[in-house]
Structures are given as C-alpha cells and as structure tokens.
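Only one structure is covered here, and it is reproduced in the block below.
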C-alpha cells in the first residue's frame, strides 16, 4: 500500500514543483520589467553617495582648495592689471 501511495504522490509533487518554478519565474520577470519610480532612483543614488561619502568629502575639500587658489591668483592678476593701468596712464600723461 505504501508503494501505491508514493506512486500516486510522485506526479503530484512534480506538478507542484513545476507550478512553483513557473510562479517564481513569472514573478521574477514581472519585477524585472516594472517601471522604477523616481523614489527608487533617489534611494539608489542616496545609497551610492553614502557608500562613498569619505571619497566625496576628500574630493570636495580638494575642489575647495583649488577654487581658493584660483580666486587668490585671480585677485593677484586684477591687482597687477590695475598697477599696469596706472603705470600706463602715467606714461601717456608725461
């Protein structure tokens, strides 16, 4: 009697496994094709920024230092241009 019961359950188990695999594949396809909301993208970007926050801080401080150097050099150029302008006016007025 046990052998008859196992034979009867064998095809049923295969069917249930087939249904489970089919459902899993269907759900996987549905999830992979769903449209991503702007919130999903924002969450992904936020996670990426959080993962690289140390790198971001280093890069930001490097950029600030470069901008400061460019600003200082720009101020020097303006001062020198003003001095050249004054010197040129003195030469023309002689």
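Values quoted throughout were computed directly from the atomic coordinates according to the rules given, and no laboratory measurement underlies them. Worth saying up front: this structure is predicted, and the values here are computed from it rather than measured. Please note: Cβ atoms are built from the backbone with ideal geometry, for glycine as well, and neighbour counts cover all protein chains shown.
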Degrees, to the nearest 10: 2-33 long Cα axis against longest axis of the chain: 20 degrees
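Once every DSSP H run of n ≥ 4 in the chain is given -39500 (n - 2.57) and the sum is divided by its residues, what mean residue ellipticity at 222 nm do you get, rounded to the nearest 500 deg cm²/dmol?
On the way: 3 runs with 87 residues, N = 94.
Calculated from helices alone, the mean residue ellipticity at 222 nm is -33500 deg cm²/dmol.
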Å³ per residue enclosed by the Cα convex hull of the chain: 172 Å³
Helix 38-51 vs. the chain, principal-axis angle (Cα, 0 to 90°, nearest 10): 70 degrees
Sites residue 47 and residue 19, calculated FRET efficiency, Cβ-Cβ separation with R0 41 Å, nearest 0.05: 0.70
Degrees separating the helix 53-93 axis from the principal Cα axis of the chain, which is the longest one: 20 degrees
